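The values are calculated or read from the model by the stated rules, or taken from the named source; none is laboratory data. Computed from a predicted structure; not experimentally measured. Note that we place each Cβ from the backbone using ideal geometry, even for glycine, and neighbour counts take in every protein chain shown.
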Amino acid sequence: MRSIVRTSDRSGGLLQARATEAWSEVVGPQIESHTLGMKMRGRELEVHVDSHAWAAQLSLLAEDLRERVNSAIGEESVGSIRFTVSRAVGDERAARKAEARSQRRYGGERIDPVPLTEQELREIEEAAASIDNDELRAAAIRAQIRDIEVKKGRAARKTPQGSAEGSTGRKKPFLP
């Protein structure tokens, strides 16, 4: 079966996908965080790294990593591994760090927005009617809608049964 798949996969996409998946298992999170964007060129696995220091260090481990990747794949498909420095790896790493910082700062929990009522929408549109610029008015309306939907979603999560009702069963007024 493997030989049939290998002969029909002329572009090497399947092998590249298998090698990429194996790479994550083989190297662990620390090395993986310094690598990105692998591609197969014949039997050579090209791995992009974020610095010359990592390229040099991983080059010393290349043979061991090649054997471990092949073992994870289940066949001797990777003949060699070459490490090249790419700025994209560092950029991706910086973006991940910024995302993690943002999650810590603003909270990682997902809040499902609660749609506004027709009355709430009318009030927002009336409040924005005094803005002369059409684009600015539309942007202000979108921002206000999104803000109130998220606030309503947050309030709904804090109440029992996830509704805007308290223990009395009466609806509490929503104040943005």
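Tabulated data
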| item | result |
| --- | --- |
| Filter result for R122 (among the basic types (K, R), exposed (fewer than 12 other Cβ atoms within 10 Å of the Cβ) and more than 31 Å from the chain's Cα centre (by Cα)) | yes |
| Members of region 12-45 that are without any contact (Cβ under 8 Å) to a residue 60 or more places away in the chain and part of a loop (DSSP other than H, G, I, E, B) | G12, H34, G42, R43 |
| Any hit, region 136-144, residues being charged (D, E, K, R) and assigned by TED's automatic domain parsing to the domain that holds A155 | yes |
| Within region 33-68, tally of residues that are exposed (fewer than 14 other Cβ atoms within 10 Å of the Cβ), more than 14 Å from T84 (Cα to Cα) and not charged (D, E, K, R) | 1 |
| Matching option when the condition is among the small types (G, A, S), at pLDDT below 90, surrounded by 15 or more Cβ atoms within 10 Å (Cβ to Cβ) and within 28 Å of the chain's Cα centre (by Cα), among G90, G108 | G90 |
| Search result, residues across region 84-116 that are of a type in the set (D, E) and either assigned to a loop (DSSP other than H, G, I, E, B) or in contact with a helix residue (DSSP H, G or I) (Cβ under 8 Å, 6 or more places away or on another chain) (or both) | E109, D112 |
| Breaking point among (1) without any contact (Cβ under 8 Å) to a residue 60 or more places away in the chain; (2) closer than 30 Å to E21 by Cβ; (3) of a type in the set (D, E, K, R), for E75 | (1) |
| Long-range neighbours under 8 Å by Cβ, at least six apart or interchain, first residue of a type in the set (D, E, K, R) within region 130-144, second surrounded by fewer than 14 Cβ atoms within 10 Å (Cβ to Cβ) and not in a helix (DSSP H, G or I) | R137/A129 |
| Residues within region 46-63 that are closer than 14 Å to I31 by Cα and assigned to a helix (DSSP H, G or I), tallied | 10 |
| Residue that is modelled with the lowest pLDDT, among those in region 1-54 that are of a type outside the set (D, E) and touching a Gly at 6+ places or on another chain (Cβ under 6 Å) | M40 |
